[in-house]
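The values are calculated or read from the model by the stated rules, or taken from the named source; none is laboratory data. Owing to the predicted nature of the structure, the values given are computational and were not obtained by experimental measurement. All Cβ positions, even for glycine, are placed from backbone atoms using ideal geometry, and neighbour counts span all protein chains on display.
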Ligand code: V1D
Ligand code: CA
């Protein structure tokens with residue numbers, strides 16, 4: 001696998017290597033309903049799960065029933081008053097919460113309605129991301145998948161863009177207990193603003209978002225927004241416009257990823273796979289095929305770094321299910337037949353009942369020149385990090401190690417066994433308290449960077 005036991009090991013790419021995949025799902029997560037005219041449909045997660053089951057992919061990975069996140073776990077990022085509010089507000093009592101609804105940006109006139117079971121929904125998608133991060137931290141798998149997660153717009157004390165609790169920020173905080181540096185990649189058509197904002201001033205998390213920019217939600221993600229203070233240069237934004245094709249997307253994604261991996265050398269990666277960048281999405285405007293979208297998963301995986309794979313947006317739900325089932329197969333290095341197998345939601349895949357999508361015949365508004373300009377600007381930004389003192393990457397700070405040990409022990413104490421009845425899922429809780437030493441040098445600290453001497457000089 002990845003990382004290193006020697007001071008000079010670099011992150012090596014490989015075209016195909018079997019990696020241990022853990023899959024996290026809670027069978028109730030697909031039963032929540034944002035409302036009749038709302039585009040976000042949690043049902044798509046259940047549809048994806050059924051495709052994954054009927055393609056037989058569950059046989060090749062460890063499937064866990066994830067735990068519901070606790071308020072205490074959420075408070076690692078979110079404010080106590082916001083968590084308490086989410087825990088109390090319901091469609092029946094919301095009239096008594098007028099001021100707080102405005103303050104926290106939820107309710108009828110926002111993108112974030114108060115629906116039945118809202119808080120439980122946030123607990124389920126967040127718990128699954130945290131379970132994935134813990135599994136990776138222990139070295140018990142190489143790839144952890146949670147298709148219900150990836151809600152990248154939520155802020156510390158504010159819901160935004162269909163997102164209430166930011167499971168990504170919480171999972172990254174978990175990964176930072178073990179890994180000195182975490183890379184966040186966001187291929188949702190929208191800018192990953194909540195995650196970028198949370199880590200804007202640190203050099204321990206690099207965020208890389210590709211998104212539609214210009215008259216599009218959330219309006220952030222300018223190429224010149226590169227981070228602040230210690231984090232200067234560590235926010236990477238690829239602003240794009242309508243009609244992105246597989247070819248054009250690859251021309252940005254791959255060289256930028258190569259440079260990020262070279263200069264940043266993350267110990268773990270979180271990949272948000274929002275499927276609204278696919279062709280034919282109800283809200284999106286890109287023109288990617290499943291293969292083009294999943295090429296980002298394949299390429300990320302080729303670096304052999306422990307990776308948490310998450311969902312996100314995606315509003316043409318039959319295509320979201322296709323996408324995440326296919327990307328599960330990419331994580332597993334398994335080929336899938338193009339014929340969709342019979343499953344509970346088979347009729348959704350009419351009229352062709354095929355897995356793959358054909359992009360639309362329409363113009364890519366991203367010109368050769370605009371793409372080249374984005375590519376060059378981002379590579380220039382990343383190259384300037386090479387000599388920056390802040391990148392000298394002391395490994396996990398010693399004090400942090402102690403806190404981390406406490407946190408792991410605490411988590412062990414708190415983890416409760418779930419029942420194993422839910423649709424072929426195992427218990428996502430802790431079975432043992434061993435934590436992997438992967439990625440550590442002999443002195444128990446993290447891997448060193450190949451060009452450390454260069455930096456020191
Ligand atoms: F079309 C709608 C119908 C009902 C309710 C909301 C929408 C809708 C569509 N697009 N809302 C949006 C976006 N909001 C605005 C608002 C106008 N401004 C005042 C704000 O344009 C929000 C789009 C959210 C996208 C979420 C996401 O795909 O990035 C995502 N990722 O992970 C989970 C969700
Ligand atoms: Ca994005």
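Taking the range 109-120 only, how many residues are at pLDDT 95 or above and out of contact with any helix residue (DSSP H, G or I) (no Cβ under 7 Å at 6 or more places or on another chain)?
So the first thing to find is which residues in the range 109-120 are at pLDDT 95 or above, and the list is 110-120.
Among the residues that remain, those that are also out of contact with any helix residue (DSSP H, G or I) (no Cβ under 7 Å at 6 or more places or on another chain) are: 110-113, 115-117, 120.
Looking only at that region, the number is 8.
Taking the criterion of being in contact with a strand residue (DSSP E or B) (Cβ under 6 Å, 6 or more places away or on another chain), within 16 Å of ligand 2 (Cβ to nearest atom) and in a helix (DSSP H, G or I), the only residue of the range 294-322 that qualifies is 300.
Filter the range 162-189 down to the residues that are in a loop (DSSP other than H, G, I, E, B) and within 13 Å of ligand 1 (Cβ to nearest atom), then identify the one that is farthest from residue 106 (Cα to Cα). Across the range 162-189, the extreme among qualifying residues is 187. Could you tell me which residue of the range 235-274 is farthest from ligand 1 (Cβ to nearest atom), considering only residues that are surrounded by fewer than 22 Cβ atoms within 10 Å (Cβ to Cβ) and in a loop (DSSP other than H, G, I, E, B)? That would be 245. Here residue 316 clears all of (1) within 18 Å of residue 253 (Cβ to Cβ); (2) within 15 Å of ligand 1 (Cβ to nearest atom); (3) more than 18 Å from the chain's Cα centre (by Cα) except the condition numbered (1).
Every residue, every condition in (1) closer than 30 Å to residue 322 by Cβ; (2) more than 25 Å from the chain's Cα centre (by Cα), yes or no:
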residue	(1), (2)
51	yes, no
57	yes, no
75	no, no
106	no, no
109	no, yes
116	yes, yes
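For residue 196, are the conditions met, namely being within 14 Å of ligand 1 (Cβ to nearest atom), outside any strand (DSSP E or B) and either at pLDDT 95 or above or closer than 20 Å to residue 153 by Cα (or both)? Don't jump to the end; show me each part of the working.
Details: within 14 Å of ligand 1 (Cβ to nearest atom): yes; outside any strand (DSSP E or B): yes; either at pLDDT 95 or above or closer than 20 Å to residue 153 by Cα (or both): yes.
Yes: the conditions hold for residue 196.
Among the residues of the range 317-339, those identified as touching a residue at least 40 places away in the same chain (Cβ under 8 Å) and closer than 24 Å to residue 285 by Cβ are 317, 318, 319, 320, 321, 322, 323, 324, 325, 327. Any residue that is touching a residue at least 24 places away in the same chain (Cβ under 8 Å), within 16 Å of ligand 1 (Cβ to nearest atom) and assigned to a strand (DSSP E or B) - is there at least one of those in the range 213-234? Scanning the range 213-234 turns up no residue that is touching a residue at least 24 places away in the same chain (Cβ under 8 Å), within 16 Å of ligand 1 (Cβ to nearest atom) and assigned to a strand (DSSP E or B).
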